[in-house]
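I have placed the structure first, in the form of structure tokens, so that the comments after it can refer back to it.
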Amino acid sequence: MKPAPFAYAKARSLDEAVALLGEHEDARLLAGGQSLIATLNMRLSAPSLLIDINGVGGLDGMALKDGMVEIGALTRHAAAERSDVIAQHAPLVARAMPHIGHAAIRNRGTIGGSIAFADPAAELPACLLALGGEVRTHGPKGKRTIKADDFFKGLFETALGPQDVLTAIRVPVAGKDTRAGFAELARRHGDYAIVGLAASARANGKGLSDVRLAFFGVGATPVRTKKAETVLASGDVEGAVAALDLDPPDDVQATGAVKKHLAGVLLRRVAKQLMEAR
Amino acid sequence: MDHTLDITLTVNGERVNERVEARKTLVDFLREDLALTGSHVGCEHGVCGACTVRVDGAIVRGCLMLAVQCDGAAVVTIEGLSDSGEVADLQAAFEQRNALQCGYCTPGMLTAAQELLKRGAMPSRDEIREHISGNYCRCTGYHAIVDAIEAVAKARAGRP
């Protein structure tokens with residue numbers, strides 16, 4: 001199908017984007033467009049105005065800031081995939097990156113777009129949650145920082161206000177004792193996962209501490225399983241699988257029962273990754 | 001606010017000035033306004049890869065980018081890749097190995113494969129499969145396509 005008619009404006013600055021969002025109630029921001037334009041084509045979404053932020057300076061690139069890895073909202077997936085900063089300092093993101101879409105999608109899709117869209121089956125929202133990262137925004141009242149634990153509110157719903165522009169995400173810099181684990185099951189490499197798991201932990205002697213497990217494709221948002229986190233930290237993998245308090249709904253890909261089973265399969269795989277030396 | 005905009009870009013090296021509707025996707029612009037029908041329209045939501053084209057040196061989905069976003073860009077389609085001879089060896093290998101039957105996916109498949117081969121490293125069969133994972137072929141079962149791409153990678157690297 002073809003999109004319904006809309007107007008197009010290219011924002012030159014964050015303030016201009018914020019102002020345009022204020023003037024047009026049903027405007028949408030256009031970054032990489034890899035989800036938005038698909039929904040326009042299928043007429044699942046019909047905004048009156050697209051505000052293209054691709055020309056706004058200072059929103060891309062990856063750097064270390066205040067002990068965090070900051071990834072600019074307009075950073076393309078392909079750039080993050082090839083980045084030494086990400087490979088060295090955000091290994092969970094590096095592990096996840098090849099699973100996101102396909103080559104042509106990663107060339108165009110943006111990190112900020114993936115987080116702001118908040119697809120419950122997407123990889124990056126789960127990574128942000130597993131890492132205890134944060135989201136930086138720019139809005140009518142200035143800048144805000146929102147913790148990942150407070151950011152994902154519901155199905156495609158986030159803590160972003162109607163005039164907020166997501167400008168960057170930040171995740172903690174990985175140390176020597178940081179462990180990252182990532183696995184997903186998809187019908188075709190690069191498609192949205194049936195179920196996926198992003199995990200981080202700290203090596204603590206032979207065991208683990210600060211385990212954070214963020215499952216995706218199992219509910220309206222990425223979901224942490226805190227009981228299983230505690231059990232896994234004690235080194236009991238099968239106990240952690242038994243403690244998974246997930247109740248995934250059926251969807252077009254699989255029944256909830258199958259998803260729950262697959263979540264356990266993934267947890268066993270990811271536990272192995274977490275227990276390996278970095 | 002504007003529903004139609006003027007854009008200037010290069011397509012296959014030629015400068016193009018056109019007025020386009022904001023809602024027109026890049027692939028529809030190429031096919032309908034410029035009569036470059038080598039880029040195909042399949043699923044129109046980024047799944048099938050039939051509309052794969054190169055924008056500013058990187059492959060993109062022609063159905064997930066708007067024509068207005070290509071103002072100032074350099075777009076290369078299968079017509080450009082074919083006329084310049086850049087993919088001549090790939091085209092020959094596809095033909096020789098029956099890596100196409102109906103041919104609908106072939107322009108996107110060649111454009112995607114060329115991005116991988118252009119990097120210069122010798123890709124494994126798994127890497128080839130991963131790279132074309134975003135391009136559906138409903139006829140061949142992919143083996144012949146992977147064979148063709150692998151053969152060209154070897155030939156370009158000067159290996160037997």
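Nothing in this text is a laboratory measurement; each read-out follows from the coordinates by a stated rule. Nothing here was measured: the structure is a model prediction, and the numbers come from that model. Cβ atoms come from the backbone with ideal geometry, glycine included; neighbour counts cover every protein chain shown.
Just the Kirkwood number for region A:115-236, please: inverse of mean 1/r across all distinct Cα pairs, in Å, one decimal.
15.1 Å
As an exercise, take the mean of 1/r over every pair of distinct alpha carbons in chain B, invert it, and state the Kirkwood radius in angstroms.
Result for chain B, one decimal place: 16.1 Å.
Please compare each pair in A:227/A:272; A:153/A:176; A:10/A:141; A:206/A:259; A:10/B:118 to a cut-off of 29 Å on the Cα-Cα distance and tell me which ones are over it.
Pairs exceeding the cut-off: A:153/A:176; A:206/A:259; A:10/B:118.
What ³J(HN,Hα) values, in whole Hz, does the Karplus curve 6.51 cos²θ - 1.76 cosθ + 1.60 give for region B:70-81 when θ = phi - 60°, with x put for Gly and Pro?
8, 4, x, 8, 10, 9, 10, 9, 4, 4, x, 4
Could you tell me the convex hull volume per residue, in Å³, taken over the Cα atoms of region A:7-52?
So the per-residue hull volume is 61 Å³.
Order these peptides, A:199-209, A:180-190, B:54-64, by their mean beta-carbon neighbour count within 10 angstrom, highest first.
Highest to lowest by the protection proxy: B:54-64, A:180-190, A:199-209.
What residues qualify as long-range amide H neighbours of residue B:139, i.e. H under 5 Å apart, gap of 5 or more or another chain, H built at 1.01 Å from N?
Under 5 Å from the amide H of residue B:139: no residue qualifies.
Looking only at region A:69-104, which residues have a backbone nitrogen under 16 Å from a spot 7 Å from the Cα of residue A:143 in the C-beta direction?
A:69-74
Over what distance in Å are the Cα centres of region A:80-159 and region A:223-278 separated?
Cα centres, region A:80-159 to region A:223-278: 21 Å.
How do A:117, A:156 line up, fewest other C-beta atoms within 10 Å first?
Fewest-to-most Cβ neighbours within 10 Å comes out as A:156, A:117.
Which one of B:106, B:77, B:140 has the biggest mean-square fluctuation once chain B is modelled by GNM with Cα springs under 10 Å?
Largest GNM mean-square fluctuation: B:140.
Once phi is turned into ³J(HN,Hα) by the Karplus curve 6.51 cos²θ - 1.76 cosθ + 1.60 with θ = phi - 60°, what whole-Hz value does each residue of region A:106-118 show in order, with x for glycine and proline?
In residue order, the calculated couplings are 5, 5, 10, x, 10, 4, x, x, 5, 6, 5, 5, 6 Hz.
Mean residue ellipticity at 222 nm from the helices of the protein assembly as shown, using -39,500 (n - 2.57) per DSSP H segment of n ≥ 4 over the full residue count, to the nearest 500 deg cm²/dmol?
-8500 deg cm²/dmol
Any idea how far apart residue B:37 and residue A:247 come out in nm if each label point goes 7 Å out from Cα toward Cβ?
5.5 nm
Write down the Å³ per residue value for the convex hull defined by the alpha carbon atoms of region B:4-81.
Each residue corresponds to 73 Å³ of Cα convex hull volume.
Go ahead and set up a Gaussian network model of chain A, Cα springs under 10 Å, then flag whichever of A:42, A:97, A:62 fluctuates most.
Of the options given, A:42 has the highest mean-square fluctuation.
Choose one answer from A:123, A:70, A:16: the residue with the largest mean-square fluctuation in a GNM of chain A with alpha-carbon springs under 10 Å.
Result: A:16 has the largest fluctuation of those listed.
Round to the nearest 0.05 the FRET efficiency obtained for residue A:48 and residue B:6 when R0 = 22 Å and r is the Cβ-Cβ distance.
E between residue A:48 and residue B:6, to the nearest 0.05, is 0.55.
Can you tell me the order of A:168-175, A:130-137 when each peptide is scored by its average per-residue count of other Cβ atoms within 10 angstrom, highest first?
Sorting A:168-175, A:130-137 by mean packing, highest first, produces A:130-137, A:168-175.
Which cross-chain or sequence-distant (5 or more) residues have an amide H under 5 Å from the amide H of residue B:73, H modelled 1.01 Å from N in plane?
Sorted by chain and number, the residues that satisfy this are B:10.
Using θ = phi - 60° and the Karplus relation 6.51 cos²θ - 1.76 cosθ + 1.60, list the HN-Hα couplings for region A:152-169 in order, rounded to whole Hz, with x at every Gly or Pro.
Each residue of region A:152-169 in turn: 8, 9, x, 4, 6, 10, 10, 7, 5, x, x, 10, 7, 10, 6, 9, 6, 10 Hz.
Per residue of B:52-64, count partner chain C-beta atoms within 10 Å of its C-beta, then hand back the mean as an integer.
Counting Cβ atoms of other protein chains within 10 Å of each residue's Cβ and averaging gives 5.
As an exercise, find the ratio Rg/Rh for region A:186-278 from alpha-carbon atoms, using the Kirkwood inverse-distance average for Rh.
Rounded to two decimals, Rg over Rh is 0.98.
Find the Cα radius of gyration of chain A, compare it with 2.2 N^0.38 Å by division, and give the number to two decimals.
Output field value: 1.00.
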